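First the structure, in the form of structure tokens, and then the observations on it.
The values are calculated or read from the model by the stated rules, or taken from the named source; none is laboratory data. In this text the structure is predicted, and so the values were computed from the model without any measurement. Don't worry about glycine lacking a Cβ; one is built from the backbone with ideal geometry, like all the others, and counts go over all protein chains shown. To get the accessible areas, we keep the full protein, side chains included, count just its heavy atoms, and leave off ligands, DNA and RNA. Shrake-Rupley method; radii C 1.70, N 1.55, O 1.52, S 1.80 Å.
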Amino acid sequence: MQFPAQERFAAGAQFIAGRLTQGTSGATHAVIDPATGTEAYTYELAGTDDVDAAVAAAREAFPGWSGATPGERSDALHRFAAVLADHADELARAESLQCGKPLKLTREFDVPGTIDNTAFFAGAARHLQGQSAGEYSGDHTSYVRREPIGVVGSIAPWNYPLQMAAWKILPAIAAGNTIVLKPAELTPLTSLLFAEAATEAGIPDGVVNIVTGAGRVAGEHLVGHPDVAMTSFTGSTAVGKRVAEIATATVKRLHLELGGKAPFVVFDDADVEAAANGAVAGALINTGQDCTAATRAYVQRPLYEEFVERTAALMETVRLGDPFAPGTDLGPLISHAQRDRVAAFVDRARSYARVVTGGDVPGGDLAKGAYYLPTLVVDAPQGSEIVQSEIFGPVLVVLPFETDEEGIRLANDTPYGLAASAWSRDVYRANRATREIKAGCVWINDHIPIISEMPHGGYKQSGFGKDMSAYSFEEYTQIKHVMFDNTAVIRKNWHRTVFGDR
Ligand code: NAD
């Protein structure tokens, strides 16, 4: 066992008011190691009472935390980043165990990214700004106060559990809110470690609370809770729609980060070798379970054949294996159910498209895990399921296009709009793509990198609102207009509209 989850969370898997407690739903959930299919950790799921207790703790902590100075919150977040750095190895191992991510990915991406995010928000906490004050009416001084919203209820998916916890918790608390986060049932471990680290750093009890429960039970209760002022949800578009419906009943502030089906557009002047490498890395990172993963490559006709050949050959060099082994490039999918879902997409596509490489589960030592071979599909029509639906696995579809207009039109032709890339050495073509592709992020000659200073969020049915960066404060704060009368007169000028000239 690479991370002793059962011993680590012996006191329970709910983190409420600064301590671990047992969930009271009466139901348990087994976290399965997806690399081996064996049980790694069993925990008691949160019930609605646990959600109520967590919301009450967050509510109680709110006056103190929102009343702290930006400098005090910033100091606490700096200490938080240092504690996370001390626990980096433990965090990486826990994340690799519950997700099946190769240790090199968790060590080089998930954990350092989370620490950097924490350090970023430690700085950003001191830069919450409103507009300047002024005498806009002539008779008053107006200014804007930027204030926290209250208790935030957040729900996260299983694909990057640690980073998703960080993306939800950090801007919320940096802005002075308190939070209750519900991670996905499959992946509770690193959210709990993250919250424990917050406490170790001296962030007051109740500011960060974690309820690990079922979406339909704990999730829906949290979204509908009258004492929760805002819902921030990252997950599938289908569940996001349900969450939006529930949140509407109490008119909550809503932030939705939903699914994606990122296009990867290769113009005929692109460096085809760079594009093929970028497509394979962009499609396979985190075993394709990435909302921004390259999923649909559109390649201009002159480069199409060479791109397909190179991409297939590169995919075959990627080494599947034990997430904890140093030579492993790609781990399993999150679960056997997810592996079967991905396999079913590819199997259905065989009736209308061609599988160039992959399209199968590996044998040998890997047969017990939730592994699936890197898969390249061609000849699929634009309107087909494999081109239009989010698969969330190591599957790339490649389609040809003729004119630049057609390439961009096809790239925009799904309900999603989270991320996209365009590949070209012509600055005018590349710049046009950044304007015309409808997505929250467009990369030029790369695909995947993110950075704490820059926003992440969707267009279209990929949602609205931003994670990371100073832009995320727009979600987690509300602005108040304050207006001071400067005249000190009893009958103001505007009172004529009520009293006439009397
Ligand atoms: P999911 O929608 O099934 O679940 C997400 C979370 O919602 C989980 O915590 C789950 O327990 C909870 N949930 C489920 N039903 C619920 C309900 N009725 N009420 C309240 N909560 C409920 O998504 P997933 O399978 O965990 O994650 C994969 C999805 O997440 C993909 O669609 C992916 O694109 C998306 N995602 C998006 C981003 C982004 O930034 N836009 C980032 C990561 C993942």
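Gly240 meets each of the listed conditions (1) open to solvent by 20 Å² or more (accessible area, probe 1.4 Å); (2) under 25 Å from Ser472 (Cα atoms); (3) part of a helix (DSSP H, G or I) apart from (1).
Would it be correct to say that Ala165 is modelled with pLDDT of 95 or more, closer than 25 Å to Ala35 by Cα, assigned to a helix (DSSP H, G or I) and touching a strand residue (DSSP E or B) at 6+ places or on another chain (Cβ under 7 Å)? For Ala165, the condition - modelled with pLDDT of 95 or more, closer than 25 Å to Ala35 by Cα, assigned to a helix (DSSP H, G or I) and touching a strand residue (DSSP E or B) at 6+ places or on another chain (Cβ under 7 Å) - is met. Is at least one residue of the range 339-350 open to solvent by less than 20 Å² (accessible area, probe 1.4 Å), assigned to a helix (DSSP H, G or I), at negative phi and within 16 Å of the ligand (Cβ to nearest atom)? There is at least one residue in the range 339-350 that is open to solvent by less than 20 Å² (accessible area, probe 1.4 Å), assigned to a helix (DSSP H, G or I), at negative phi and within 16 Å of the ligand (Cβ to nearest atom). Scanning the range 461-487 for residues that are of a type in the set (A, V, I, L, M) and within 10 Å of the ligand (Cβ to nearest atom) gives a single hit, Met468.
Scan the range 35-80 for residues that are in contact (Cβ under 8 Å) with a residue 24 or more places away in the chain, in a strand (DSSP E or B) and open to solvent by 20 Å² or more (accessible area, probe 1.4 Å) and the total you get is 2. Within the range 148-170, being under 19 Å from Leu222 (Cα atoms) and within 14 Å of the ligand (Cβ to nearest atom) holds for Gly153, Ser154, Ile155, Ala156, Pro157, Trp158, Pro161, Met164, Ala165, Ala166, Trp167, Lys168. Scanning the range 264-287 turns up no residue that is near the ligand (Cβ under 10 Å from one of its atoms), in contact (Cβ under 8 Å) with a residue 12 or more places away in the chain and open to solvent by less than 10 Å² (accessible area, probe 1.4 Å). Glu90 falls short on exactly one of the conditions (1) free of Cβ contacts under 8 Å to residues at least 40 places away in the same chain; (2) closer than 27 Å to Val211 by Cβ, and that condition is (1).
Tallying residues that are within 18 Å of Met315 (Cα to Cα) and not charged (D, E, K, R) within the range 348-368 yields 9. In the range 444-460, of all residues being within 12 Å of the ligand (Cβ to nearest atom) and within 15 Å of the chain's Cα centre (by Cα), the one that is most open to solvent (accessible area, probe 1.4 Å) corresponds to Tyr459.
One residue stands out in the range 199-234 among those that are in contact (Cβ under 8 Å) with a residue 60 or more places away in the chain, within 13 Å of the ligand (Cβ to nearest atom) and more than 23 Å from Thr42 (Cα to Cα): the one that is surrounded by the fewest Cβ atoms within 10 Å (Cβ to Cβ), namely His225.
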